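These notes are about the structure you will find just below.
The values are calculated or read from the model by the stated rules, or taken from the named source; none is laboratory data. Please read these numbers as outputs of a predicted model, since none were measured by experiment. Note that each Cβ is placed from the backbone with ideal geometry, even for glycine, and that neighbours are counted across all protein chains shown.
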Amino acid sequence: MLCDLSIVGAAAGLRRRDFSARELVGAHVDAVAALNPRLNAFITETPELALRQAEAADRALADGSAGPLAGIPLAIKDLFCTAGVRTTAGSRILGNFVPPYESTVSAQLLRDGAVFLGKANLDEFAMGSSNMTSAYGSVQNPWQRRGSNVALVPGGSSGGSAASVAARMAMGSTGTDTGGSIRQPASFCGIAGIKPTYGRCSRWGIVAFASSLDQAGAFGRSVADCALLLGSMAGFDPKDSTSVERPVPDYVAACRRGVRGLRIGVPAEYRMDGMNAEVELLWQKGLGWLRESGAEIVDVSLPHTKYGLATYYIVAPAEASSNLARYDGVRFGVRQDGVDLIDLYERTRAAGFGDEVKRRIMIGTYVLSAGYYDAYYLRAQKVRALILKDFTDVFARVDALLTPTAPTAAFAQGEKMDDPIAMYLNDVFTVPASMAGVPGMSVPAGLDGQGLPLGLQVVGRPFDEETVFAVSQVIEDAAGFSALPAVRAGE
Ligand code: GLN
């Protein structure tokens with residue numbers, strides 16, 4: 001069935017004329033139409049656009065001008081501005097926003113021939129770990145516990161991006177990761193997801209959450225699919241001063257490098273008291289697979305890990321409070337009129353933002369306010385420098401790290417909603433790499449006792465995504481993860 005193909009496999013099939021882009025995209029458009037009412041993975045569907053792009057891909061394939069992603073149907077997180085297609089960031093306040101421009105990352109995917117099925121659902125302004133904070137309704141994880149119909153979260157914030165790929169509605173998708181928003185949903189949905197090094201992809205045209213942490217990345221059902229997508233998305237962009245001018249390596253080739261002779265670090269601080277036994281067991285298995293494939297396993301220490309979450313939840317809200325100041329109802333987005341300008345601002349922001357966003361704006365404003373700036377924000381930035389130094393020190397001795405991606409498998413919709421701290425704990429294993437700006441990838445590695453996927457995280461040196469892909473590929477091959485979600489195209 002066309003929806004089960006990998007991107008790498010489909011690209012080859014298109015070139016052999018086994019099927020047309022029109023057929024491939026048509027199958028996915030049908031899958032979106034059939035499954036989205038149940039999963040709510042897309043906020044906006046663009047079937048006509050997708051079919052037009054598919055026809056263009058078929059012409060390019062026929063005349064030999066096709067790019068590497070010609071005819072490949074993708075979901076685009078609704079945080080990437082797409083020219084002429086509504087971009088909401090999961091918020092009411094951008095409910096009527098139709099960008100006149102295309103983000104650099106999505107423009108590069110289009111340049112390479114990709115087809116866009118629509119805009120994927122997300123937590124509001126990418127703040128969350130469950131997709132429960134979207135103003136457009138929650139996303140359901142296509143996986144279910146064995147023998148249970150309880151609706152589970154897909155993780156967040158890129159939950160729609162992950163769910164759509166797991167359910168075979170899209171072959172791959174874009175996400176963004178500020179503290180774990182690609183890696184954690186990949187783990188919850190049983191697919192692969194990479195957050196590259198900060199600066200690897202342009203942030204231009206991506207709705208900003210926390211600018212010093214936000215980074216675009218890719219989801220796929222295989223490591224190689226993520227590598228192919230990232231190769232298209234990455235690269236220097238003069239429009240983003242934090243994007244880095246370095247050549248983009250051949251990531252697909254890097255997947256086949258193997259791990260023989262590599263040193264893989266196991267950070268002691270990621271072994272937590274009361275850790276989920278199944279997660280711990282899978283981690284040990286993963287280390288065993290790498291050892292059997294010729295890697296050397298080395299115990300290392302990242303002593304400032306314990307400050308990761310606390311400092312992240314100062315830095316990220318601080319930057320968010322500043323970035324979100326622009327949504328005032330004046331220049332763009334939804335407006336609530338008022339008796340004067342201040343009243344207009346207040347009514348617009350009160351009606352336009354959801355509770356989690358308001359919580360972050362208040363925390364962020366507080367930690368940046370005179371008198372508290374030194375005690376919170378400045379101090380958090382200093383600790384952040386120490387977190388980065390931990391990674392720098394460790395990467396002098398090892399080539400990559402292996403850790404669990406998330407402390408648990410997917411949880412039920414509604415769980416942890418009354419306890420923000422419990423929700424924030426989802427990010428405990430992903431936030432340190434975000435604070436340090438280093439690349440991280442989640443690979444599906446096994447199932448828990450209830451039949452839900454669990455991921456392992458590979459963390460690498462800055463700009464060494466190639467080693468991350470190589471290690472991840474070995475995990476993928478050894479794990480042989482072939483389980484399928486309950487809800488998927490064709491079922
Ligand atoms: N869950 C984290 C948060 O709520 C990370 C979100 C993200 O990476 N965008 O901030």
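Which is surrounded by fewer than 23 Cβ atoms within 10 Å (Cβ to Cβ) and under 30 Å from Glu319 (Cβ atoms), of Leu110, Leu51, Leu74? Give the steps one after another, and end with the answer.
Details: Leu51 fails: under 30 Å from Glu319 (Cβ atoms); Leu74 fails: surrounded by fewer than 23 Cβ atoms within 10 Å (Cβ to Cβ).
Answer to the selection: Leu110.
What are the residues in the range 142-153 that are assigned to a loop (DSSP other than H, G, I, E, B) and either more than 13 Å from the ligand (Cβ to nearest atom) or surrounded by fewer than 24 Cβ atoms within 10 Å (Cβ to Cβ) (or both), if any?
Pass one, the range 142-153, residues assigned to a loop (DSSP other than H, G, I, E, B): 142-151, 153.
If the condition is that a residue be assigned to a loop (DSSP other than H, G, I, E, B) and either more than 13 Å from the ligand (Cβ to nearest atom) or surrounded by fewer than 24 Cβ atoms within 10 Å (Cβ to Cβ) (or both), then Pro142, Trp143, Gln144, Arg145, Arg146, Gly147, Ser148, Asn149, Val150, Ala151 are the ones that fit.
Hand me the list of helices (runs of 4 or more DSSP H) wholly inside the range 336-446 holding 1 or more residues that are within 16 Å of the ligand (Cβ to nearest atom).
Working: elements: 341-352, 355-368, 379-394, 420-424, 431-436.
Correct list: 355-368, 379-394, 420-424, 431-436.
Against the condition among the polar types (S, T, N, Q), within 16 Å of the ligand (Cβ to nearest atom) and outside any helix (DSSP H, G or I), how does Gln457 come out, does it pass?
Numbers: among the polar types (S, T, N, Q): yes; within 16 Å of the ligand (Cβ to nearest atom): yes; outside any helix (DSSP H, G or I): yes.
Yes, satisfied.
Among Val105, Val139, which is the only one that is in a loop (DSSP other than H, G, I, E, B) and of a type outside the set (Gly, Ala, Ser)? So that I can check it myself, show each step before the final result.
Details: Val105 fails: in a loop (DSSP other than H, G, I, E, B).
Residue meeting the stated conditions: Val139.
From the list Val244, Val248, which residue is free of Cβ contacts under 8 Å to residues at least 60 places away in the same chain, in a loop (DSSP other than H, G, I, E, B), farther than 22 Å from Pro99 by Cα and away from the ligand (no atom under 16 Å from the Cβ)? Lay out the reasoning, then the answer.
Details: Val244 fails: free of Cβ contacts under 8 Å to residues at least 60 places away in the same chain.
Exactly one of Val244, Val248 is free of Cβ contacts under 8 Å to residues at least 60 places away in the same chain, in a loop (DSSP other than H, G, I, E, B), farther than 22 Å from Pro99 by Cα and away from the ligand (no atom under 16 Å from the Cβ), namely Val248.
Under 7 Å between Cβ atoms, at least 6 apart or on separate chains: pull out the pairs that start in the range 54-65 with a residue that is among the acidic types (Asp, Glu) and end on any residue that is outside any loop (DSSP other than H, G, I, E, B).
Glu55/Arg22; Asp58/Ala21; Asp58/Arg22
Can you tell which of Ser161, Ser181, Ser173 is part of a loop (DSSP other than H, G, I, E, B), under 10 Å from the mean Cα position of the chain (by Cα), within 16 Å of the ligand (Cβ to nearest atom) and buried (at least 24 other Cβ atoms within 10 Å of the Cβ)?
Ser181
Whether any residue in the range 427-435 is over 21 Å from Leu230 (Cβ atoms) and either without any contact (Cβ under 8 Å) to a residue 40 or more places away in the chain or surrounded by fewer than 24 Cβ atoms within 10 Å (Cβ to Cβ) (or both) is what I want to check.
Yes: one or more hits.
I'd like to check something: does the range 121-132 contain any residue that is in a loop (DSSP other than H, G, I, E, B), at pLDDT 95 or above, away from the ligand (no atom under 16 Å from the Cβ) and over 18 Å from Ala166 (Cα atoms)? Outline the logic, then answer.
Within the range 121-132, the first condition is being in a loop (DSSP other than H, G, I, E, B), and the residues that meet it are 121-123, 127-132.
Narrowing further to those that are at pLDDT 95 or above: 121-123, 127-132.
Okay, now just the ones that are also away from the ligand (no atom under 16 Å from the Cβ), so none.
Checked the range 121-132: no residue is in a loop (DSSP other than H, G, I, E, B), at pLDDT 95 or above, away from the ligand (no atom under 16 Å from the Cβ) and over 18 Å from Ala166 (Cα atoms).
Considering only the range 206-224, I want to know if a residue exists there that is in a helix (DSSP H, G or I), closer than 26 Å to Ala445 by Cα and either modelled with pLDDT of 95 or more or within 16 Å of the ligand (Cβ to nearest atom) (or both). Spell out the reasoning first.
Step one: of the range 206-224, the residues in a helix (DSSP H, G or I) are 223-224.
From what's left, closer than 26 Å to Ala445 by Cα: 223-224.
This time we only want the ones that are either modelled with pLDDT of 95 or more or within 16 Å of the ligand (Cβ to nearest atom) (or both), so: 223-224.
Checked against the condition, which is being in a helix (DSSP H, G or I), closer than 26 Å to Ala445 by Cα and either modelled with pLDDT of 95 or more or within 16 Å of the ligand (Cβ to nearest atom) (or both), the range 206-224 yields at least one hit.
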